[in-house]
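Here the structure is laid out as structure tokens; the discussion comes afterwards.
The values are calculated or read from the model by the stated rules, or taken from the named source; none is laboratory data. All of these numbers come straight from a predicted model, not from anything done at the bench. All Cβ positions, even for glycine, are placed from backbone atoms using ideal geometry, and neighbour counts span all protein chains on display. Ligands, DNA and RNA are excluded from the accessible area calculation, which covers all protein heavy atoms including side chains. Shrake-Rupley method; radii C 1.70, N 1.55, O 1.52, S 1.80 Å.
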Amino acid sequence: MLELRSLCKKFQTSTGNGRMALNNVTLSLQPNDFVTIIGSNGAGKSTLLNVIAGVFPADSGQIVIDGEDVTSLPEHRRASLMGRVFQDPMQGTAGSMSIEENMAMAYKRGMRRGLSKGVSVKHRDFFREKLATLGLGLEDRLQEPVKLLSGGQRQALALLMATLSRPKLLLLDEHTAALDPRTAQEIQELTNEIAGRGNLAVLMVTHNLRLALSVGTRTIMMHEGEIVLDVSDPERSEMTVSDLLKRFHDARGEQLSDDRILLEV
Amino acid sequence: MSLAFGAVIRVLEQGLVYAVMAVGVYLSSRVLDFPDLTVDGSFPMGAAIAARLLTVGVHPFAGTLLVPVAGFFAGAATGMLNTKLRISNLLAGILTMTALYSVNLRIMGRANVPLLRTGTVLTVLQNKGIPPGVSAFLLFCIVVAVVKLVIDLFLRTEFGLALRATGDNEAMIRSLGVNTDSMKIMGIGLANALVALSGALVAQYQGFADIGMGIGTVVAGLASVIIGEAIIPPRSVGMGTLGAIIGSIIYRFAVFLALRLGFAPTDLKLVTAVLVIAALSSKSIKQRIDNSERRKAVRDVGTEVSL
Ligand SMILES: Nc1ncnc2c1ncn2[C@@H]1O[C@H](COP(=O)(O)OP(=O)(O)OP(=O)(O)O)[C@@H](O)[C@H]1O
Ligand SMILES: [Mg+2]
């Protein structure tokens, strides 16, 4: 489904040498893999997702999604293959535009946009039906601008929009981190449910180690631009957070303290 | 009485003919969030092209309808400088505007082209039996209505949604597969098509095209948009364009009053600039007051602002 081969990405720093944000990252995902990604601040997690999405190009390496080599495609030409949700709820929606207009734009992900009506009656029924599954009452507020929604509502909408056109890949970058615990849990449950519908590979970045082990099918840990740990079920389902930290220690010969990885349990 | 009524109609005519330009400025500044200074060059370009075409005998309506095409390319040039060559939006507009000054002189052949003896869209209407007193008012009403209708509909198409999202949240709409560079080029092009059309109509209305007639167009357009927003909160696309139109009319009334109060016509640019500064600063001052009130409220309750 997703093949990353020897991806490298270096950022220029003011001190001259530059910093390897991605160092030879190789990863292979099956169509229904739900991978949680953990790692300390600056480990390269966001950079990995950005390179996959094409926000900036990798320095070297290859990215193949669903059999298609997208390494040199600009971001907007990869859009049909993947949906994304970010940490900031503002980032995934257009605040000045209405709920239905946002949905309509997501519905047309990666398609040609012509001069036909942006939101047709037929779409409206479909959007209403989809919004109703969130259970937030948004289906009755189709024409309201998104900026009037709460952060949690906005993030739920962003998640719905990311998967509306049924892409094969979903990239989540700490998408519950800016929400209060209850809302975060609701968005996480929604995420699990969407992933559970199948035919979707998920990459989810989180700082919550317990969550990383409890959801999904596979967990990878990044450190200084490298993947230092990669465990899948069933082995993973037996693991505890302290096992995880110990495995990191064994792999790197370094102690990884809880605070370095910003443990949120 | 009838004299005052006549004056009101004249001001309304001006408000309407410049409203086409204001809708263009609304498109770039509000919908695309792109401060576009091309306008000061594309407005006289519209006038120059119309003057040239009309003096060589092109039918006034055909000539006038060709103008927006040229305006589109002027705006698209700015869009390309910004997106392809990564020149900042302000500088890109200034560059195009400066280049257009020479282009406009080339088109006109001299600094001022009178249109009093050539046919214009207005004389065409008058020859059809429409009284001279109402022909301009009638024509400009129709033009503004058509422009508003078309732009409103356009901004609700699939393409229009993507254009608006480019101004609202560029990263998001790009992640949905839209080439935001093309959107900006098309959007700034469209805005300047309207601006040039307005310039062509103004030239025919006032009876001449002049190389200097573009100075201050952006600021007048922004003034109209800002006045419009103050009166009609732009809750929807239709309210936004309506605001620009109403704002343009009010702005022309303000100019009319300023002249009546004894300001020289040459002082008007200063008056307009002060007006725009006042409107903009009132917004930021209001924000500052809101913020300090919020901070005070938080302090009073004794809680921190939660993340
Ligand atoms: N656009 C950029 N320009 C320069 N350096 C960058 C850029 N983006 C990331 N970096 C650097 O690359 C490294 C990896 O950053 P990245 O954002 O991928 O970390 P992360 O694992 O997502 O961290 P966090 O958990 O804090 O979000 C960091 O050292 C960061 O400073
Ligand atoms: Mg990050």
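What the table below lists for this structure:
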item: Convex hull per residue volume in Å³, alpha carbons only, for chain A; result: 143
item: Rg and Dmax of the stretch B:65-139, Cα atoms only, in Å; result: 17.8, 53
item: B:R10-B:L138 FRET efficiency (beta carbon distance; Förster radius 22 Å; 0.05 resolution); result: 0.95
item: Loop sites in the stretch B:35-124: trypsin sites (Lys or Arg not before Pro), DSSP, at most 12 other Cβ within 10 Å; result: B:K84, B:R86, B:R110, B:R117
item: Solvent-accessible area per residue for chain A (1.4 angstrom probe, square angstrom); result: 45
item: Cα-based Rg / Dmax (Å) for the stretch B:42-105; result: 13.3, 41
item: Hydrodynamic radius of the stretch A:141-257 per Kirkwood, over alpha carbon pairs, in Å; result: 15.9
item: Over the stretch B:162-246 - Rg/Rh using Cα atoms and the Kirkwood inverse-distance radius; result: 1.06
item: Phi to ³J(HN,Hα) by Karplus 6.51 cos²θ - 1.76 cosθ + 1.60 over the stretch A:98-112, Hz, x for Gly, Pro; result: 6, 4, 5, 5, 4, 4, 5, 5, 5, 4, 8, 3, x, 9, 5
item: Entries in B:K148/B:K286; B:K84/B:K184; A:K10/A:K246; A:K108/A:K168 that, when Cα-Cα distance is taken, lie over 20 Å; result: B:K148/B:K286; A:K10/A:K246
item: If the convex hull is drawn through the Cα atoms of the stretch B:1-70, its volume per residue in Å³; result: 118
item: Reciprocal mean inverse distance between Cα atoms of the stretch B:2-217 - Kirkwood radius, Å; result: 17.6
item: Span-rule helices in chain B, defined as complete DSSP H runs reaching 18 Å or more along the axis (Cα) with Kyte mean at least -1.0; result: B:2-26, B:39-55, B:60-83, B:89-108, B:132-154, B:180-206, B:217-231, B:237-260, B:268-301
item: Angle between chain A longest axis and helix A:121-132 axis [Cα atoms, degrees, rounded to 10]; result: 50
item: Inter-centroid distance (Cα atoms) of the stretch A:195-255 relative to the stretch B:67-101, Å; result: 50
item: Full-extension gain in nm, B:I277 to B:A99, via 0.36 nm per residue minus C-alpha separation; result: 61.3 nm
item: Residues B:L270 and A:N192, FRET efficiency given R0 of 60 Å [Cβ-Cβ distance, rounded to 0.05]; result: 0.45
item: Interface B:A - total buried accessible surface [probe 1.4 Å, Å², rounded to 100]; result: 2000
item: Residue with peak Gaussian network fluctuation, chain B [Cα springs, cutoff 10 Å], from B:I130, B:I107, B:I185; result: B:I130
item: The protein assembly as shown: equivalent-ellipsoid semi-axes (sqrt of 5 x gyration tensor eigenvalues, Cα, Å); result: 55, 25, 22
item: Given chain A, longest segment not containing exposed loop trypsin sites (Lys or Arg not before Pro) (DSSP; at most 12 other Cβ within 10 Å); result: A:1-111
